[in-house]
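Enquirer: One structure coming up, written as structure tokens, with questions to follow.
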Amino acid sequence: MTSVPVAEAAPAPGAQEFIPGAPPPASAIADIWRGIGRENPVLVQLLGMCPTMAVTNVLANGLAMGLATTFVLVGSGLFVSLFRKYIANEVRITSYILIIATFVTLADMLLAATFPDIRKALGPFIPLIVANCLLLGRAEAFAAKVPVKRAVADGLGMGLGFTLSLSMLSTIREVLGKGSILGHPLFGPRFEPWVFMMLPPGGFLALGIALLGVAYVGELRKRRARRAPVAGRVAA
Amino acid sequence: MRDLSWIFISTMLVNNFTLVMFLGLCSFFGVTGKVETAWRLGLANTFVLVLTAVSVWVLNTFVLAQTPYLRTIAFIVVIASVVQIVEMAVKKYLPVLFRQLGIYLPLITTNCAILGLALFQTSRGYTFVEGLVFALGAGLGLTVALSLMASIRERTELSDVPAVARRMGLVLVIASCLSMAFMGFAGMGTAG
Amino acid sequence: MSGPACHVPEPPPAVHKSTPAWRLLLTLVVAGAAAGWLIVSVYNATLPAVERHAAEQVNEAVRQVLKAPARWDTLYLVDGALTSKRPASVNAETPMAFVGYDAGGRRIGAAITAAEPGFQELVTLMIGFDPATGALTGYDVLDQQETPGLGDRIESDTDFTRQFPGRVAPLVGVKRAPATPNEVQTITGATISSRAVVRIINDAVARWRPLLQAYDRGGQE
């Protein structure tokens, strides 16, 4: 399920380490793919852990949180990039936080108007997107340095990568913990749900196992690369 | 109806901010290499949480009563400023304390536990005193969780762990076990 | 050991000359004004839908706990007494009672909301009862964070919930089949959550019954 390619030289890094100084020359399409795979915010960069575990007990919540975060990432990326020449260096963090908080508030209100049940289930975790370090990280390290098109593509890629990871975790937790997917029962009435997976420790365990899987894939690649140095290239 | 001891026990143990509500995970995973740093960070957090509870109460009562839609922005801006001011004040007047806690203060600004406290305090409509108790319980709960995690991690340093688990995998599995242990507190204060 | 770096990245070295203070202020003021304008306009645009959803939720709960009344009145608790007049400042925190009537105009009962600690967090219920006799018409769980599969059966287990209509508060939770009209059988594996429901109902009825009776006496003149 998780065919996430892992870069060899990525020891649980922060966002900055990927883009030292200027971003590497790349197309918008490459920006999108990077967020989904090689620099996946959850599985590789370990950013935004609070929502990752707090809302991933059922798929609907994980999906909603992922899409709301994507909306904020794209919106803030667009505005940060658009005004990057006008935002003075001294007030840039404040300005970024202001832009992010605005989009979070918008996402919260739109969700309240369209899907009140999901918004109620997510509760304060929607406003908490502001404190998700992924957003400030992308604004500072990427959107503030590139043209609008690439900033939006990066926001979209990071957002989709975030949404995919959250959906994956919440699918595992909902199927095991409730025996259903998006509320539809999967197994017969004799299925005994593994309630543990719905509870907080199940969240830690699910992500722990996912990370072990990612590390295992990385380890395999490293071993293969050592044996045949030519074949061990990472699909970028 | 909502008595203070229940709020305190509930936030510190039953609904522990870190292990049950998943708030402040960044510092939980990032700064729990050593017990010494962990509990100091926990205390610095408690300090900022109590200050946040006070400022949020002031904001909610006098500023945001008519404009609830500005909450998110107001909270994040006020929290950032409060931490900044506290940092400057502590540095100037309590240099000894600053040397022990100071370096953690900037780390706390972007900690979701602080914003989480502000949001939960608001959505539950806590009064001033209830808010203070809530902040104190949350802070001590964080301190307990951080110290426990750090003391376990100190021990795993010396053990032979498979290569794949050496980074975050093992830490998350430990967190899962700790969280499971804290589930045992559920029902405390209400059973009977 | 480097965990997820979650602090604000260090500012890059100041390579260009510093900006005058008025420009910094101008940037922030313009950004703040634009953000405020955007938020207020979206707030105004979404407000009707949000209020409609909230009202629908309450209506549905009232219909359920009062067994589909033909109509109902809303009473507001102001200064320790109930009034049918809507106070100037009504919000979600204002305590309210919904008094339902059947098609013939006979009163079915009153629905009220109450919240108290459950196993994990506060459990919020809407409770329907007849103020004259203290007999329950039912309850509906508005909010709960109880253990999935165990404690949350206070919401989903119909064997448990269907006991309540007709029972007379104050209730007693028992582990065997109920023998008297004020006993209810608790859920196996969720005794604390079941007892929390019983306690919330008892406290709420004890609090609201005198208020509603006082309102009845005042209303009859």
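The values are calculated or read from the model by the stated rules, or taken from the named source; none is laboratory data. Since the model is a prediction, treat every value here as computed from it, not as a measurement. Glycine gets a Cβ as well: all are built from the backbone with ideal geometry, and neighbour counts include every protein chain shown. With ligands, DNA and RNA removed, areas are computed over all heavy atoms of the protein, side chains included. Shrake-Rupley method; radii C 1.70, N 1.55, O 1.52, S 1.80 Å.
Enquirer: Just wondering, is there one or more residues in the stretch C:169-182 that are within 13 Å of another protein chain (Cβ to nearest Cβ) and under 25 Å from B:W6 (Cβ atoms)?
Expert: Within the stretch C:169-182, one or more residues are within 13 Å of another protein chain (Cβ to nearest Cβ) and under 25 Å from B:W6 (Cβ atoms).
Enquirer: Name the residues in the stretch C:39-79 that are touching a Ser or Thr at 6+ places or on another chain (Cβ under 6 Å) and either at pLDDT 90 or above or within 8 Å of chain A (Cβ to nearest Cβ) (or both), would you?
Expert: Across the stretch C:39-79, the qualifying residue is only C:I39.
Enquirer: If I filter the stretch B:112-121 for residues that are part of a helix (DSSP H, G or I), within 11 Å of chain C (Cβ to nearest Cβ), of a type outside the set (F, W, Y) and within 14 Å of the chain's Cα centre (by Cα), do I get at least one hit?
Expert: Within the stretch B:112-121 (the criterion being part of a helix (DSSP H, G or I), within 11 Å of chain C (Cβ to nearest Cβ), of a type outside the set (F, W, Y) and within 14 Å of the chain's Cα centre (by Cα)), the answer is yes, since at least one residue qualifies.
Enquirer: Let me ask something else. I need a count of the residues in the stretch A:49-61 that are more than 13 Å from A:I126 (Cβ to Cβ) and within 13 Å of chain B (Cβ to nearest Cβ).
Expert: The qualifying residues number 5.
Enquirer: Please work out if B:T61 is away from chain C (no Cβ under 13 Å) and not hydrophobic (A, V, I, L, M, F, W, C).
Expert: So B:T61 passes the test.
Enquirer: Can you tell me which of C:S156, C:S193 is at pLDDT below 90 and touching an Asp or Glu at 6+ places or on another chain (Cβ under 6 Å)?
Expert: Just a single option satisfies the conditions, and that option is C:S193.
Enquirer: Further question on the same structure: Looking only at the stretch C:129-159, count how many residues are small (G, A, S) and open to solvent by 20 Å² or more (accessible area, probe 1.4 Å).
Expert: Looking only at that region, the number is 4.
Enquirer: Considering each residue of the stretch C:98-128, count those that are within 11 Å of another protein chain (Cβ to nearest Cβ) and among the small types (G, A, S), and give that number.
Expert: Selection size over the stretch C:98-128: 3.
Enquirer: If you don't mind, there's one more thing I want to ask. Scan the stretch B:122-152 for residues that are among the hydroxyl-bearing types (S, T, Y) and either touching a strand residue (DSSP E or B) at 6+ places or on another chain (Cβ under 9 Å) or closer than 21 Å to B:V31 by Cβ (or both) and jot them down.
Expert: B:T143, B:S147, B:S151 - these are the residues of the stretch B:122-152 that are among the hydroxyl-bearing types (S, T, Y) and either touching a strand residue (DSSP E or B) at 6+ places or on another chain (Cβ under 9 Å) or closer than 21 Å to B:V31 by Cβ (or both).
Enquirer: Need the failing condition index for A:L182 against (1) without any contact (Cβ under 8 Å) to a residue 24 or more places away in the chain; (2) open to solvent by 10 Å² or more (accessible area, probe 1.4 Å); (3) not β-branched (V, I, T), just the number.
Expert: (1)
Enquirer: Follow-up. Looking only at the stretch A:89-118, filter to residues that are touching a residue at least 40 places away in the same chain (Cβ under 8 Å) and farther than 19 Å from A:V74 by Cα; which one of those is nearest to the other protein chains (Cβ to nearest Cβ)?
Expert: A:F115
This table checks each residue for (1) facing chain C (nearest Cβ under 10 Å); (2) under 12 Å from the mean Cα position of the chain (by Cα); (3) under 25 Å from C:A115 (Cβ atoms); (4) at pLDDT 85 or above.
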| position | (1), (2), (3), (4) |
| --- | --- |
| B:F22 | no, yes, yes, yes |
| B:V31 | yes, no, no, no |
| B:G42 | no, yes, no, yes |
| B:P68 | yes, no, yes, no |
| B:F75 | no, no, yes, yes |
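Enquirer: Out of the residues in the stretch B:151-190 that are among the acidic types (D, E) and in a loop (DSSP other than H, G, I, E, B), which is least open to solvent (accessible area, probe 1.4 Å)?
Expert: Among those residues, the one meeting the criterion is B:E157.
Enquirer: Among the residues of the stretch A:185-202, which ones are crowded, with 20+ Cβ neighbours inside 10 Å and facing another protein chain (nearest Cβ under 7 Å)?
Expert: A:M198, A:L199, A:P200, A:P201, listed by residue number.
Enquirer: Starting from the stretch B:115-139, take each residue that is on the phi > 0 side of the Ramachandran plot and list its partners that are open to solvent by 10 Å² or more (accessible area, probe 1.4 Å) and not in a helix (DSSP H, G or I), counting only C-beta distances under 7 angstrom and pairs at least six apart or across chains.
Expert: B:G125/C:E93
Enquirer: Considering only residues that are free of Cβ contacts under 8 Å to residues at least 40 places away in the same chain and within 12 Å of chain B (Cβ to nearest Cβ), which ones fall in the stretch A:216-231?
Expert: A:Y216, A:E219, A:L220, A:R223
Enquirer: Kindly evaluate A:Q45 against the criterion of being at pLDDT below 85 and either in contact with a Phe, Trp or Tyr (Cβ under 7 Å, 6 or more places away or on another chain) or crowded, with 21+ Cβ neighbours inside 10 Å (or both).
Expert: yes
Enquirer: Another question about this same structure. For the stretch A:167-184: of the residues being within 12 Å of A:M53 (Cα to Cα) and within 13 Å of another protein chain (Cβ to nearest Cβ), which is nearest to the chain's Cα centre (by Cα)?
Expert: Ranking the candidates gives A:L169 first.
Enquirer: Let me ask something else about it. Specify the residue that is farthest from C:P69 (Cα to Cα); the eligible residues are those in the stretch C:105-128 that are open to solvent by less than 10 Å² (accessible area, probe 1.4 Å) and touching a Ser or Thr at 6+ places or on another chain (Cβ under 6 Å).
Expert: C:G118
Enquirer: Follow-up. Pick from B:L117, B:L146, B:L142: which is within 20 Å of B:V63 (Cβ to Cβ), open to solvent by less than 60 Å² (accessible area, probe 1.4 Å), at pLDDT 85 or above and not basic (K, R)?
Expert: B:L117
Enquirer: Find the residue count for the stretch C:84-104, including only residues that are assigned to a strand (DSSP E or B) and either basic (K, R) or open to solvent by 40 Å² or more (accessible area, probe 1.4 Å) (or both).
Expert: The qualifying residues number 2.
Enquirer: Output the number of residues of the stretch B:22-56 satisfying the condition of being aliphatic (A, V, I, L, M), under 23 Å from B:T127 (Cβ atoms) and touching a residue at least 60 places away in the same chain (Cβ under 8 Å).
Expert: Residues that pass the stated criteria total 7.
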